[in-house]
Amino acid sequence: MIRRSDPMIAVYPGSFDPVTNGHLDIIRRAAAYYPRLVVAVVTNPSKKPLLSVKQRADLLREVCATIAGVEVDCFDGLLVDYVRKKKASLIVKGLRIVSDFEYEFSMALLNRHLPGGVDTMFLPASLEYAHISSSSVREVFSLGGDISDFVPQAVLRTMKRIGRHGLTRKRSR
Ligand code: ADP
């Protein structure tokens with residue numbers, strides 16, 4: 001799928017609601033392999049998001065500002081179409097646990113099978129972040145728990161501004 005002549009641009013897609021230290025670890029590692037990495041916020045998730053697409057992208061821009069070669073963007077529609085539009089040649093995904101594998105493996109096959117198919121590179125989660133997900137961060141925060149080990153400072157500030165009651169209200173709507 002990847003030809004030697006393809007540009008060295010990879011796309012790391014996700015909801016990033018919010019970006020966690022686990023995502024950031026994958027971004028740092030992928031950016032070390034690929035000279036250009038596009039971190040792409042999915043704008044049409046089936047689940048109701050906590051943060052707006054703009055908030056999620058702005059936070060990503062802030063926390064990735066010092067990582068060379070990283071660009072933050074948003075997309076909707078088919079991932080393979082977006083990857084081609086960005087002239088990228090690879091999708092990057094992080095794998096945490098066995099249950100991630102089932103879903104991500106079938107998505108990778110699908111994205112390769114579709115016209116204009118694109119291959120996926122999986123990076124295993126680092127041990128210290130393997131238990132972190134955006135949904136668990138939202139859950140712990142809404143119950144009044146400490147999330148400072150799980151997210152970058154900028155995210156912590158934004159979550160505190162929204163407040164846990166704001167978050168609970170938003171989720172119960
Ligand atoms: P989440 O599953 O946390 O809501 P996303 O939908 O934003 O996150 O996930 C985007 C990608 O990042 C997926 O490939 C997912 O497996 C990966 N990812 C999420 N959290 C981590 C983590 N803690 N370590 C490694 N990869 C992760």
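The values are calculated or read from the model by the stated rules, or taken from the named source; none is laboratory data. The shown structure was predicted, so the numbers you read here are calculated from the model rather than taken from an experiment. Here the Cβ is made from the backbone with ideal geometry for all residues, glycine too, and neighbour counts use every protein chain on show. Calculation scope for accessible area: heavy atoms of the full protein, side chains included, ligands and nucleic acids excluded. Shrake-Rupley method; radii C 1.70, N 1.55, O 1.52, S 1.80 Å.
Report the FRET efficiency, 1/(1 + (r/R0)^6), for ARG161 and SER126, where r is their Cβ-Cβ distance and R0 is 25 Å, rounded to 0.05. Please report the intermediate quantities before stating the final value.
Values: r = 28 Å, r/R0 = 1.14.
After rounding to 0.05, the efficiency reads 0.30.
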- Are there trypsin sites (Lys or Arg not before Pro) in the stretch 39-120 that DSSP marks as loop and that have at most 13 other Cβ atoms within 10 Å, and which are they? LYS47, LYS87
- Query: Considering only protein heavy atoms, what per residue accessible area in square angstrom results for the chain with a 1.4 angstrom probe?
  - Reply: 55 Å²
- Item | Kirkwood Rh in Å, taken over the stretch 26-115 so that all alpha-carbon pairs contribute | 14.4 Å
- Task: Filter the cross-link list LYS48/LYS85; LYS54/LYS86; LYS54/LYS160 down to pairs whose alpha-carbon distance in this structure exceeds 21 Å.
- Result: LYS48/LYS85
- Could you give the nm distance between label points at ALA65 and SER106, where each point is 7 Å from its Cα heading toward the beta carbon? 4.1 nm
- Would you calculate the separation in nanometres between label points at ASN44 and ASP76, each defined as 7 Å from the Cα along the Cα-to-beta-carbon direction? 0.7 nm
- In whole Å, largest first, what are the principal axis extents of the Cα atoms in the chain? 50, 32, 29
